[in-house]
Amino acid sequence: MSRSAYALQNLFKARLYHWLRLTLNQRRRTAVKKMLASSRKRFRRAYLLRYGTFNAREIVAELAKRIPESAEIVMVHSAYDRLLPMYSGTPEELINELIAFCGSKRTLAMPTFFLGGRTYDSIGYYRTRPFDVRRTPSEMGLLTEVFRRRPGVKRSLHPTHSICALGPRTDELIGTHHLASTRTGERTPFAAMTRRNTAIVGLGVEYYRCLTHTHTAEDLMGEEFPIEFTRVTLPVSMINYDGGDVPFELTVLRCATPLDNTLLRSLLSADELVEWKFHGVALFVTNAQRVTEALIDAARKGLTVFGRASLAVN
């Protein structure tokens, strides 16, 4: 299948995904995910007959073909269960290959968000619990947790939207997250990724399911962003690597309309948001700066990932 044909197919899937988010509650969506994961195990032979197998080196080499040599940071979103049963290695082998690909000149980053456990209620969770940078697990999948626990990897200090990093840009990425007033705006790892040449990669997951970088537009624009949010704030205790207590004011934004990342497909060219499959596994690569620029430009025209906004006429 050609890249353009796959992108068109993916757009249809993205619309279906968005519709399901509108019609199913979190409990039902979780049940659907478990059912799909179970079907991969049940029909393992059929998957293998159709798609074959690959190892860690092969899939990272496939990603490397689309990651520019000039990339300083590689931010990886992943869904390990959707690599199976075609992937023949271990989570540790895949992390090792990603680290080897980045080498000494690039920084590898992964999201290690904690959004409140099974209920995704971060406000309810942090009313009675601290965020411990050393012990609070990542909810962003098995690969991110394996990376978080790897010696030498550092994690940013933020209750809901922490990232882990390894490489020369690590301190720049994570050093001021606890001083930021937003999740993805100034002083956050996402602002640093926007300044630097950052390749955002999807490994087993489509862009519309995971691309947190779409929030940089609303967080960087602040009051200029044309969609209104309700804000819930809560003081949170954070425990740093030294065991010290760091106070933080967590702000959670809520919108009347759900997030729909499919807008990005209409804003970026096929070369700016590259989507393809490898042995049946969804992959994508895009650029952090282009994502932010495109969404800010669109927001100024009233187009956002939360729908169309009515712009005031002076």
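Each value in this text was obtained by applying a stated rule to the coordinates, not by laboratory testing. Only a predicted model underlies this, so the values are computations on that prediction, with no experimental measurement involved. For neighbour counting, all protein chains shown are included, and Cβ atoms are generated from backbone atoms with ideal geometry for every residue, glycine included.
Pop out the ³J(HN,Hα) list for the stretch 91-104 in order, Karplus 6.51 cos²θ - 1.76 cosθ + 1.60 with θ = phi - 60°, rounded to Hz; leave Gly and Pro as x.
Result, ordered by residue: x, 4, 5, 5, 4, 4, 5, 5, 5, 5, 4, 5, x, 8 Hz.
What number do you get for the stretch 210-314 when its Cα radius of gyration is normalised by 2.2 N^0.38 Å, N = residues?
Computed over Cα atoms of the stretch 210-314, the ratio equals 1.34.
If one puts a single equal scatterer on every Cα of the stretch 124-237 and applies the Debye formula without solvent, what log₁₀ I(q)/I(0) results at q = 0.20, 0.21, 0.22, 0.23 Å⁻¹?
With no solvent term, the Cα-only Debye profile gives -1.33, -1.44, -1.52, -1.58.
Using the crude model of +1 on Lys and Arg Cβ and -1 on Asp and Glu Cβ, and no other charge, please compute the dipole size for the stretch 3-308 relative to its Cα centre, in debye to 20.
1420
In sequence order, what are the phi-derived ³J(HN,Hα) couplings for the stretch 295-305 according to the Karplus relation 6.51 cos²θ - 1.76 cosθ + 1.60 with θ = phi - 60°, rounded to whole Hz, with x for glycine and proline?
6, 5, 4, 5, 4, 5, 9, x, 9, 9, 6
Of the lysine pairs in the chain, how many meet both conditions: Cα atoms under 18 Å apart, and a spacing of 8 or more in sequence or different chains?
Final tally of qualifying lysine pairs is 6.
Projecting each Cα onto the charge dipole of the stretch 3-308 (Lys/Arg +1, Asp/Glu -1 at the beta carbon, about the Cα centre), which of Leu283, Thr119, Leu49 comes out farthest on the positive side?
Result: Leu49.
May I ask you to evaluate 6.51 cos²θ - 1.76 cosθ + 1.60, the Karplus curve with θ = phi - 60°, for each residue of the stretch 213-228 and list the ³J(HN,Hα) values in order in whole Hz, giving x for glycine and proline?
Ordered by residue, 3J(HN,Hα) equals 4, 5, 6, 4, 4, 5, 6, 6, 6, x, 5, 6, 5, x, 9, 8 Hz.
Post the alpha-carbon centroid distance, the stretch 176-190 to the stretch 105-135, in whole angstrom.
Spelled out, the Cα-based centre of one part sits 14 Å from the other.
Considering only DSSP beta bridges with both partners in the stretch 3-308, what is the antiparallel share in %, to the nearest 5?
If I count the DSSP bridges inside the stretch 3-308, around 70 percent turn out antiparallel.
Given the -39500 (n - 2.57) contribution per DSSP H run of 4+ residues, what per-residue ellipticity at 222 nm results for the chain, rounded to the nearest 500 deg cm²/dmol?
About -10500 deg cm²/dmol.
Using only the Cα atoms of the chain, build the gyration tensor, take square roots of its eigenvalues as a ≥ b ≥ c, and label the shape rounded, prolate or oblate: rounded if a/c is under 1.5, else prolate if a/b is larger than b/c, else oblate.
Rounded is the answer for the chain, as its axis ratio a/c remains below 1.5.
If you place +1 on the Cβ of every Lys and Arg and -1 on the Cβ of every Asp and Glu, how big does the dipole about the Cα centre of the stretch 154-242 come out, in debye to the nearest 20?
340
Which of the GluC sites (Glu not before Pro) found in the stretch 215-291 are in a DSSP loop and have at most 16 neighbouring Cβ atoms, other than their own, within 10 Å?
Glu228, Glu272
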